[in-house]
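One structure is given below, encoded as structure tokens.
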Amino acid sequence: MAEYKGVMVYGEVAEGKLAAIATEALGCGRKLADDLGQELWAVLVGSGVSSFAQEAITFGADKVYVVDDPLLKDYQTDSYVTVMEKVIKQVMPQVLILGQTTIGRDLAPRLAFRLGTTATMDCIQLTIDPASKRLLQTKPVYGGNAQAIFTGEFYPQIATIRAKAMSPLELNTSRQGEIINIDAGLDPSVIRTRVLEKVVEEVEGIKLEEAEVVVAGGRGIGSADGFKQLEELARLLKGAVGASRPPCDNGWVADTVQIGLTGKIVAPELYIAVALSGSSQHMSGCSGCKNIVAINKDPEANIFREARFGVVGDWKKVIPAFANKVKELLAG
Ligand SMILES: Cc1cc2nc3c(=O)[nH]c(=O)nc-3n(C[C@H](O)[C@H](O)[C@H](O)COP(=O)(O)OP(=O)(O)OC[C@H]3O[C@@H](n4cnc5c(N)ncnc54)[C@H](O)[C@@H]3O)c2cc1C
């Protein structure tokens, strides 16, 4: 183990910028590196990604490894796993953190297999065990009903982190760091797939995963028309609408707004859960929310156990009154 040292963050780039999850991973990585008394490194892989190296430094990295190659223009498993394996074997970090994103979910287990180590997916907390100096990886288990802490004997210790579970550092433009270029050295024949087309999801207003306020409706909303009232409230609060699974299955809202085990994971400041019971499968997508407000006509509904504030009542009466009050307050 002696040769493994340092904390490395996979600096995911999305939509032409350093992704929010990368800055959150850097925030978490900085704390781990400080606790270990080691350096924090970021690795940027892609085409034209060199321009984000300085930004990674301002978010906490001491060193940024850049693998910039036209062959890495689109994420492809073959090329990215090959390049990341090369970087890790060269740099030998003790800890590697990725986001629990489409890319992180694909890369982390494959890298773990190639490197003969383990990967813990979807962590909500990472800390260093003061005695062993090993990474302690906390993640929800049993559909979000419990949390388990994992650690491993193998290096690098690889973990993916859930979006918004950790906070980025304050951006500090005076922070200094080193940028090191690594040649991809890719043989094009290793890339067995080709990206034919990219379809960007059209989103009106604020993206669900990025919203600071989410108004989520459940089966009790009863129709697509009912969701229009939730949209109105979300608009007033500059938030986004989400849903439990039944409204998506019933076609009242798009599948893309489903929150939960088989849907999206959100962690806004305010989550207004309307006419949904708070099943464990739903809660595993929103357990990281800072404040949950539940509106449900059943005082025994599980959501009240998760909520900070609760209103027992029929949403058809509560939501219009709530929206009117918000309008009144906004009008000053
Ligand atoms: C493998 C698997 C994966 C799953 N993944 C997901 C997932 O990702 N996301 C997800 O959400 N679910 C998921 N589910 C489904 C999950 O188990 C629940 O069935 C679902 O979350 C229930 O949705 P709900 O709370 O809207 O409906 P219900 O449990 O039926 O609750 C409806 C609630 O509305 C209240 N209500 C009714 N009318 C009113 C009214 N007028 N005013 C106020 N309150 C009212 C009721 O009191 C009740 O509490 C999954 C299930 C499985 C097996």
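Before moving on, here are some points about what is shown:
- The chain - mean residue ellipticity at 222 nm from DSSP helices (-39,500 (n - 2.57) per run, n ≥ 4, rounded to 500): -8500 deg cm²/dmol
- When you restrict to C-alpha pairs under 8 Å that are six or more residues apart and normalise by the size of segment 126-167, the relative contact order lands at 26 percent.
- In segment 127-202, the chymotrypsin sites (Phe, Trp or Tyr not before Pro) that fall in loop regions by DSSP, at most 11 other Cβ within 10 Å: Tyr142
- Qualifying lysines (Cα of each under 22 Å from Cα of Lys73; at least 8 residues distant if same chain): Lys17, Lys86, Lys198
- Applying a DSSP loop filter and a limit of 11 other Cβ atoms within 10 Å to the trypsin sites (Lys or Arg not before Pro) in segment 156-192 leaves Arg192.
- Shape of segment 265-332, Cα gyration tensor, a/c cut at 1.5: oblate
- Between Lys264 and Gln258, Ile259, the built amide H atoms are under 5 Å apart, and every one of these is 5 or more places off in sequence or on another chain.
- The phi-based Karplus calculation (6.51 cos²θ - 1.76 cosθ + 1.60; θ = phi - 60°) puts the 3J(HN,Hα) values of segment 72-80 at 9, 4, 10, 5, 9, 3, 4, 6, 5 Hz, whole numbers, x for Gly and Pro.
- Sorted peptide list for 126-136, 23-33, criterion being average Cβ within 10 angstrom, highest first: 23-33, 126-136
- Whole-percent pair-distance distribution, where bins are 5 Å wide, for the alpha carbons of segment 202-318: 2, 14, 26, 28, 22, 7, 1, 0
- Segment 202-256 versus segment 136-193: alpha-carbon centroid distance in Å: 30 Å
- Within the same chain, aspartates and glutamates fewer than 8 places from Lys133 are excluded, and of the rest, those with a Cα less than 13 Å from its Cα are Asp34, Asp35, Glu153.
- Ranked by the mean number of other Cβ atoms within 10 Å per residue, highest first, peptides 222-234, 179-191, 286-298 order as 286-298, 222-234, 179-191.
- Note on the chain: Kirkwood hydrodynamic radius from all Cα pairs is 21.3 Å, rounded to one decimal.
- Loop-resident GluC sites (Glu not before Pro) (DSSP state other than H, G, I, E or B) in segment 79-179 with no more than 12 further Cβ atoms inside 10 Å of their Cβ: Glu153, Glu170.
- With contacts taken as Cα pairs under 8 Å and at least 6 residues apart, segment 29-88 reaches a relative contact order of 33 percent.
- Straight-line cross-link partners of Lys325 among the lysines, defined as a Cα under 21 Å from its Cα and at least 8 positions apart when in the same chain: Lys228, Lys238, Lys297, Lys316, Lys317.
- Rounded to 10°, Cα long-axis angle of helix 315-330 versus longest principal axis of the chain: 70 degrees
Only the coordinates and a few stated rules stand behind these numbers; no lab work does. None of the values given here were measured: they were computed from a predicted structure. Reconstructed Cβ throughout: ideal geometry from the backbone, glycine too, with neighbour counts over all protein chains shown.
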